[in-house]
């Protein structure tokens with residue numbers, strides 16, 4: 001699952017992880033294992049986990065697209081994540097979606113979600129970032145800009 005590149009002298013270099021893992025803060029994170037843990041969170045009926053690139057960060061930040069019953073309880077979700085996952089595996093971003101699209105083989109379609117990244121203009125208002133008193137807070141355009149400029153720590 002590693003993507004490598006070869007230079008003109010024939011040496012290979014690691015570029016990124018492909019498939020169902022991503023690397024964040026020097027740790028490999030299995031998306032399928034993370035999805036299983038998140039499905040046990042209060043109110044979560046489906047979870048899709050993937051990594052999104054963040055400028056000037058090592059690896060890709062974890063993002064979870066969640067289908068939830070009723071209203072999303074950021075505090076309860078944060079409490080579950082903190083109790084069940086190590087810090088590097090806790091999703092940095094959470095996106096609420098109405099339903100999860102699957103392929104013909106019933107795998108989640110992640111490509112479009114990855115392209116949207118953590119841009120509120122593409123994902124809509126239901127986008128959260130880890131931080132704040134409730135554990136997760138709504139991500140605004142100004143908050144996204146602070147992350148892109150390196151003014152906000154992830």
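The values are calculated or read from the model by the stated rules, or taken from the named source; none is laboratory data. The structure presented is a predicted model; accordingly, all values stated were derived computationally and were not measured. So basically every Cβ, Gly included, is an ideal-geometry build from the backbone, and we count neighbours across all protein chains shown.
General remarks:
- Residue in region 80-94 that is farther than 23 Å from residue 28 by Cβ and more than 16 Å from the chain's Cα centre (by Cα) present: no
- Considering the conditions (1) closer than 23 Å to residue 153 by Cβ; (2) in contact (Cβ under 8 Å) with a residue 40 or more places away in the chain; (3) surrounded by fewer than 19 Cβ atoms within 10 Å (Cβ to Cβ), residue 119 is excluded by exactly one of them, (2).
- Residue in region 94-116 that is surrounded by the most Cβ atoms within 10 Å (Cβ to Cβ), counting only those that are in contact with a strand residue (DSSP E or B) (Cβ under 8 Å, 6 or more places away or on another chain) and part of a loop (DSSP other than H, G, I, E, B): 110
- Counted residues, region 100-116 - those being over 21 Å from residue 37 (Cβ atoms) and touching a residue at least 24 places away in the same chain (Cβ under 8 Å): 0
- Filter result for residue 126 (modelled with pLDDT of 85 or more and more than 17 Å from the chain's Cα centre (by Cα)): no
- Region 4-25, residues that are closer than 17 Å to residue 50 by Cα and modelled with pLDDT of 90 or more: 24
- Taking region 36-72 as the range and being in contact (Cβ under 8 Å) with a residue 24 or more places away in the chain and part of a helix (DSSP H, G or I) as the test, the residues that pass are 37, 38.
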